[in-house]
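Asks: Have a look at this one.
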Amino acid sequence: MNIKVPTGKGDNGLNYDKVFRAKFSAITPNDIKKALSNLSKPNRNESLSVDARQELDLKVGVAFSRFQTRYFQGRYSGLDASVVSYGPCQTPTLGFCVQRHIDIQNFQPEPFWTLELYFCKGSLSRKIKAAWTRGRTFNQTLSTFFHSLAIAKSTVKVRSIKKKIVKKGRPTPLNTVTMLKLASKSLGIGPYQCMQAAERLYLSGMLSYPRTESTAYPKSFDILGSLQQQSSHPYWGEHASNLLESGFTKPRGGVDMGDHPPITPCRMVQPNELHGDSARVYELVTRHFLASVSPDAQYEETKVVLSAGQKQEFTASGKKLLSAGFLEALKGFSADVCVDNDQDGEAHDDAIEGQFPSLDVNETFTIVSALTDAYPCATIEIRESKT
């Protein structure tokens, strides 16, 4: 946002040598005071480029809107073609969506087959699924052949067990795309409704500007001040207080796109001040901010390799939470949307949490037709799916 402060008069009522500009991207007291304390001269070329962009958007939009309106009028009975508007930014995006829709409509699913191994030890409620290392085959006859090899010896043996500590990295600061993903996946709020709520919160001074591509906090952003604001909140204030006491974690390196800073809370809002989507979006943004300056989460991961029959291998993974870290701040929200993978660079989505049994190398499981809790056993089945 830019503010011009006139201090004199010229030919047009202003002496442009005495006109200054205050630049700030967030409507917080600190940002505004800093901007007013560091006034700069307006950039004429930047101003002219904005004028040119506005004129181009208008001329292109009017020309194509007129073309489309005339083209579609009378062609489709169910289409209200009184005005078919064209936006230079939105229309190419609509083109991507239409092309994706065409690809989905034209897609022909193809069947494939895979082997699924389940094993249990002590309790049927703790049965574990192991993945076939060959993945899948598009040949049904071949899947039957591999199944016969897998059950040839009637036992499954534990070949190796490896354990390691895995860190799930805290999320980067919140940009618009991630906010919309989180709102959709964790809250069931669509993009349009989410942006409406975020813009209302922005205009009320509760959130920073919600349209941004940046995922790096600017150097001027007061992390300590924001944590202090949230430390008295009845829901997440304890987490904010713990970060103040133990010291917050430096945010992960994101990208500063130069447009606006990441989306953050501008002040603490009590639960009774907001309702509906506005309350839920505010909580999403605030919890994400707290998560971005919290420690990484730590797991102990166990990876087991099993062999069955004649050289058929399966793998299973389990993980036990050692330190919740940023996950404490994201209660109720999907961490998988916030962060793509663990810090070792591998995906661990198939790891089973909190139910992996104790196993020993060379331990065997008897292959049966149906699992039982009477003794260690396993089942191997052919599973058909489609692409």
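Asks: Charges at C-beta only: +1 for Lys and Arg, -1 for Asp and Glu. How large is the resulting dipole of region 232-289 about its Cα centre, in Debye rounded to 20?
Replies: Charge dipole of region 232-289: 120 debye, to the nearest 20.
Asks: Okay, next question. Looking at Phe107, Gly258, Ile382, which one has the Cα that reaches farthest to the positive end of the dipole of the chain (charges on Cβ: Lys, Arg +1; Asp, Glu -1)?
Replies: Sorting the options by dipole projection puts first Gly258.
Asks: Restricting to DSSP H runs of at least four residues, report the calculated mean residue ellipticity at 222 nm for the chain, -39500 (n - 2.57) per run over all residues, nearest 500 deg cm²/dmol.
Replies: -10000 deg cm²/dmol
Asks: Please report the projected area of the chain's Cα convex hull averaged over all directions, in nm².
Replies: Seen from a random direction, the Cα hull of the chain projects 28.7 nm² on average.
Asks: How large is the accessible surface of Val60 in square angstrom, using a 1.4 angstrom probe and rounding to the nearest 10?
Replies: 50
Asks: Ok, one more. Amide H of Leu322: which non-local residues (sequence gap of 5 or more, or other chain) have their own amide H closer than 5 Å, using H built in the peptide plane?
Replies: Gln298, Tyr299, Glu300
Asks: Residues with beta-carbon under 15 Å from that of Leu201, excluding Leu201: net charge, scoring Lys, Arg +1 and Asp, Glu -1?
Replies: +1
Asks: For the chain, what is the accessible area per residue in Å² when the probe is 1.4 Å?
Replies: Accessible area per residue: 59 Å².
Asks: With the full set of protein chains in place, find how many percent of the accessible area of the chain is carbon and sulfur; take the probe as 1.4 Å.
Replies: Heavy-atom surface of the chain belonging to carbon and sulfur, 1.4 Å probe: 50 percent.
Asks: Over the chain, what is the mean sequence separation of C-alpha contacts under 8 Å (at least six apart), divided by residue count, expressed as relative contact order in percent?
Replies: 23
Asks: Separate question: Taking H as built 1.01 Å from N, whose amide H comes closer than 5 Å to the amide H of Ile367, not counting residues under 5 places away?
Replies: Answer set, sorted by chain and number: Thr155, Val156, Ala378.
Asks: Right, something else. Which value, in debye to the nearest 20, describes the size of the charge dipole of the chain about its Cα centre when Lys and Arg Cβ atoms bear +1, Asp and Glu Cβ atoms bear -1, and nothing else is charged?
Replies: Around 380 debye, computed over the chain.
Asks: Limiting things to C-alpha atoms, what are the Rg and the maximum Cα-Cα separation (Dmax) for region 152-194, in angstroms?
Replies: Expressed in Å, the Cα Rg and Dmax of region 152-194 come to 21.0, 58.
Asks: Once you order the gyration tensor axes a ≥ b ≥ c over the Cα atoms, which shape class does region 153-284 get: rounded for a/c under 1.5, otherwise prolate or oblate by comparing a/b with b/c?
Replies: prolate
Asks: Another question, if that's okay. Skipping prolines and chain starts, which residues have an amide H placed within reach, meaning under 5 Å, of the one on His260, given they are 5 or more residues away or on another chain?
Replies: Under 5 Å from the amide H of His260: Glu213, Ser214.
Asks: Sorted by accessible area with a 1.4 angstrom probe, largest first, how do Lys319, Lys121 fall?
Replies: Sorted descending by solvent-accessible area, the residues read Lys121, Lys319.
Asks: I would also like to ask the following. Tell me, what ³J(HN,Hα) does each residue in region 204-221 have, in order and in whole Hz, if you take phi through Karplus 6.51 cos²θ - 1.76 cosθ + 1.60 with θ = phi - 60° and put x for Gly and Pro?
Replies: Going residue by residue, I get 8, x, 9, 10, 6, 4, x, 10, 8, 9, 6, 10, 9, 5, x, 4, 7, 5 Hz, with x marking Gly and Pro.
The values are calculated or read from the model by the stated rules, or taken from the named source; none is laboratory data. Note that the coordinates shown come from a computational prediction; the quantities given were computed from them, not determined experimentally. Cβ atoms come from the backbone with ideal geometry, glycine included; neighbour counts cover every protein chain shown. Note: accessible area is taken over every heavy atom of the protein model, side chains too, but ligands, DNA and RNA are not part of it. Shrake-Rupley method; radii C 1.70, N 1.55, O 1.52, S 1.80 Å.
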